[in-house]
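First the structure, in the form of structure tokens, and then the observations on it.
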Amino acid sequence: MQKFLILMFFCAFLLQGCAPKAVDFEQTSPKEKIVLTFSHVVSDASPKGRAARLWADLVYQRSGGRIEMKIYPNGTLYKDGEELEALKKGYVQIIAPATSKLTGLDIRWGIFDLPFFFDDLEQVHQLADGPVGELLRKSMRDKGIEVLAFWDNGFKILTTDRPIKNLKDFLGLKIRIMDSPILKKQFLQLGAIPVPLSFNEVFEALENKKVNGSENTPSNLYSKKFYQLQSYVTVSNHGYLGYAVLMNSDYFNSLDQETRKILLDTLKEVTSWQRKAALEQNAEDLARIRNDQNIKIHDLTPEEKEEWQAVLKPLAYEIIPLFPKDLQAEILKTGNLN
Ligand code: LMR
């Protein structure tokens, strides 16, 4: 009997060895699937939100579904002030904050905040895509953050609960700003009181009159309906608002070469598309705001613009000297200090 059992066991062992192995091909992939989380604070319908979706879709297609990017808009995952920390800790892989919000890491990001310094987006791109952008990328890399691209929103306009007819109308007005030293000084110079608030706090602050006004691009004002909480819009185009698309350096360096290539090649294409789309969308959203019968629109006249510029342009001297000499020359050649 014992011999019989040993024989049975031996046969079962042999049979198992000969049987075809069960393989679930749907579960097995030559490369691991990669899931990236992209958190941002604005609407899906904004220039940043639309570009994030396009990037995610293209990367998914081009990687045959291997690279998936999950987008969390509207600050649903992390809000301003939380998202940089989350990126550093690796809780999220991609964020795209306004450059103004990076001034806490390196004050020189404030170059993009300088009022009336850029005449158009081309000048901004010249700086962002040239040696100045390179220096800012390097400074972030030293802090463990990779700058993957520069995206636009556009030029900011002003919303207020009272008309701004001349500079003295700013006196004592509380204006919501992004937390940036140059933006703070901009409104102090105008006699107003700058109030740094994160983006998700703006609606409530305007609704409950905690602030008298805000500055933002038409696309942000329109997509978040901020302008509907105010009676006056001054089309001042006084400053630029744009983004740096960021990834944690350690995470970026841990990705295989093919994944990095798909992400970066696609991002390059998306960035060209994004910059055009942002320009068009801001023009369209400004037209929509103009159509609102409840809002009084004032376009800054050339004379008024000169007055604002006289007060605000000197802020450039607070930021430009912080760059190395050769870059200072580059900045002065690009921007407008006259
Ligand atoms: C803001 O806080 O007003 C903007 O930075 C929001 C954004 O990301 O466009």
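The values are calculated or read from the model by the stated rules, or taken from the named source; none is laboratory data. On a predicted model such as this, the values are computed, not experimentally measured, just so you know. Backbone-built Cβ (ideal geometry, glycine too); neighbour counts: all protein chains shown. Only protein heavy atoms, including side chains, enter the accessible area calculation; ligands, DNA and RNA are left aside. Shrake-Rupley method; radii C 1.70, N 1.55, O 1.52, S 1.80 Å.
Measuring from centroid to centroid over Cα atoms, what is the spacing of region 232-274 and region 77-92 in Å?
If we compute the Cα centre of each part, the gap is 16 Å.
What value, in deg cm²/dmol to 500, does the helix sum -39500 (n - 2.57) over DSSP H runs of n ≥ 4 give at 222 nm once divided by the residues of the chain?
-13000 deg cm²/dmol
Please give the contour-minus-distance gain from LEU332 to ASP250: 0.36 nm per residue of separation, less the Cα-Cα distance, rounded to one decimal in nm.
So the chain would gain 26.0 nm between LEU332 and ASP250.
Below 8 Å between Cα atoms, with a sequence gap of 6+, how large is the relative contact order for the chain in percent?
Taking the mean separation of contacting Cα pairs over the length of the chain, I get 24 percent.
Once you have the Cα-Cα distance between ALA287 and LYS325, take 0.36 nm times their residue separation minus that, and quote the gain in nm to one decimal.
9.5 nm
Which lysines have a Cα less than 17 Å from the Cα of LYS209, not counting those fewer than 8 places away in the same chain?
Result set, ordered by chain and number: LYS174, LYS224, LYS225.
What do you get for Rg/Rh over the chain if you use C-alpha atoms and the Kirkwood form of Rh?
Rounded to two decimals, Rg/Rh equals 1.17.
Carbon and sulfur atoms: what percent of the 1.4 Å accessible area of region 30-334 do they account for?
Ligands and nucleic acids excluded, carbon and sulfur reach 51 percent.
When ligands, DNA and RNA are left out and all protein chains stay put, how many square angstrom of accessible area per residue does region 30-334 have with a 1.4 Å probe?
Each residue of region 30-334 exposes 43 Å² on average to a 1.4 Å probe.
Quick check: net charge around THR266, other residues with Cβ under 10 Å of its Cβ, Lys/Arg +1 and Asp/Glu -1?
Once all neighbours under 10 Å are counted, the net charge is 0.
Report the longest stretch of the chain that contains none of the trypsin sites (Lys or Arg not before Pro) sitting in a DSSP loop with at most 14 other Cβ atoms within 10 Å.
With trypsin sites (Lys or Arg not before Pro) excluded where exposed in loops, the chain gives 226-338 as its longest stretch.
Show me the ranking of peptides 235-242, 246-253 by mean Cβ neighbours inside 10 Å, starting with the highest.
Order by mean packing, descending: 235-242, 246-253.
Please identify every one of the chymotrypsin sites (Phe, Trp or Tyr not before Pro) in region 75-111 that sits in a loop by DSSP and has no more than 16 other beta carbons within 10 Å of its own beta carbon.
Passing both the DSSP loop test and the Cβ count: TYR91.
Taking the Cα centroid of region 191-210 and of region 303-338, what is the distance between the two, rounded to the nearest whole Å?
Cα centroid of region 191-210 versus Cα centroid of region 303-338: 28 Å apart.
Where both partners of a DSSP beta bridge lie in region 30-334, what percent of those bridges are antiparallel, to the nearest 5?
50
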